[in-house]
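The values are calculated or read from the model by the stated rules, or taken from the named source; none is laboratory data. Just so it is clear, the model here is predicted, and its values are computed rather than measured. Reconstructed Cβ throughout: ideal geometry from the backbone, glycine too, with neighbour counts over all protein chains shown.
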Amino acid sequence: MKLVLTIYELITGMSIYPVLNKTNCYFCARMDSKLKNKFDGIIFDLDGTLWDSSVGVARAWQAAKEQVDYIHFDITPEQVAAIAGMTYDAIYEKLFPYLDTEKRNEFKAVCAKNELEVLEQEGGVLYPGIEETLKYLSERYKLFIVSNCQNGYIEIFLNYSKLAPYFTGHQCYGTKSRPKAENIRDIVNDYNLKAPVYVGDTLGDYESSKKAGVPFIFAAYGFGKVNEDQVANLESFSDLAKLL
């Protein structure tokens, strides 16, 4: 028996645990007005939630590969999308396990530099309806970004997209090398949020939000799959305006 209520359950009186319907499919909270005005802050993941930068990142990492002589394969947008949500250090451990620590760190540094340079010029693909939706949400909630990206990456997103005015703050792995759950908690504590919600697109996002004690909305249009106890699923970014 579950003895501890989540933030979401205390606010809404609704369970966030999935219910089995007659067609044996799990579904979460319906997209209706029950979630409107129930939260005081929305914390977003970045890659796969606000934009898709996999093409630019792959191009930057491929250029880095050409600068060294110890990477054995080409780097594709599909590979970049597959590791979305992982911490910057974990990405290189997964993709390049055959490198020793010195070479892995060296290659990571070259990739990081190239990545910021490429994205500063080319950016990524913003999801449809993002500006209109953020404008609507920012008039009702405080908006934040928490990502596992390197330091400087969120700033490039904000500058390229021209969406900075809609956000109150942000935090990333590159700042303190801390897990996403701790960075979510930092945002909650630093901005005195009483009823936050996290929006992300991977199982890692879900697990981080759960560790932080924050309800999770799944961006199903992104890179990952989540079939857990999220409070809602989004088929598009603009669905947030209907949901919240």
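Looking only at residues in the range 93-112 that are under 20 Å from residue 156 (Cβ atoms) and free of Cβ contacts under 8 Å to residues at least 24 places away in the same chain, the one that is farthest from the chain's Cα centre (by Cα) is 109.
Table: residues versus (1) touching a Leu at 6+ places or on another chain (Cβ under 7 Å); (2) of a type outside the set (A, V, I, L, M, F, W, C); (3) closer than 24 Å to residue 80 by Cα; (4) modelled with pLDDT of 95 or more.
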{"residue": "194", "(1), (2), (3), (4)": "no, yes, no, yes"}
{"residue": "198", "(1), (2), (3), (4)": "no, yes, yes, yes"}
{"residue": "211", "(1), (2), (3), (4)": "no, yes, no, yes"}
{"residue": "229", "(1), (2), (3), (4)": "no, yes, no, no"}
{"residue": "233", "(1), (2), (3), (4)": "no, yes, yes, yes"}
{"residue": "236", "(1), (2), (3), (4)": "no, yes, yes, yes"}
{"residue": "240", "(1), (2), (3), (4)": "yes, no, no, yes"}
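Among all residues of the range 85-94, there is at least one that is in contact with a Lys or Arg (Cβ under 8 Å, 6 or more places away or on another chain), among the aromatic types (Phe, Trp, Tyr), outside the structural domain of residue 207 (by TED's automatic domain parsing) and closer than 20 Å to residue 46 by Cβ.
For residue 229, the conditions (1) in a helix (DSSP H, G or I); (2) surrounded by fewer than 18 Cβ atoms within 10 Å (Cβ to Cβ); (3) in contact (Cβ under 8 Å) with a residue 12 or more places away in the chain all hold with the exception of (1). Might you check whether a residue that is modelled with pLDDT of 95 or more and over 21 Å from residue 172 (Cα atoms) occurs anywhere in the range 214-223? Scanning the range 214-223 turns up at least one residue that is modelled with pLDDT of 95 or more and over 21 Å from residue 172 (Cα atoms). Of the residues screened, residue 174 is not one that is farther than 24 Å from residue 92 by Cβ and not β-branched (Val, Ile, Thr).
Please find, within the range 30-88, the residue that is nearest to residue 151 (Cα to Cα) out of those that are part of a loop (DSSP other than H, G, I, E, B) and acidic (Asp, Glu). Per the stated criteria, the residue is 45.
Within the range 232-242, if we keep just the residues that are surrounded by 20 or more Cβ atoms within 10 Å (Cβ to Cβ) and out of contact with any Gly (no Cβ under 7 Å at 6 or more places or on another chain), the residue that is nearest to residue 53 (Cα to Cα) turns out to be 234. Tallying residues that are buried (at least 20 other Cβ atoms within 10 Å of the Cβ) and within 21 Å of residue 192 (Cα to Cα) within the range 143-165 yields 4. Scanning the range 145-192 for residues that are more than 14 Å from residue 45 (Cβ to Cβ) and of a type in the set (Val, Ile, Thr) turns up 156, 168, 175, 188.
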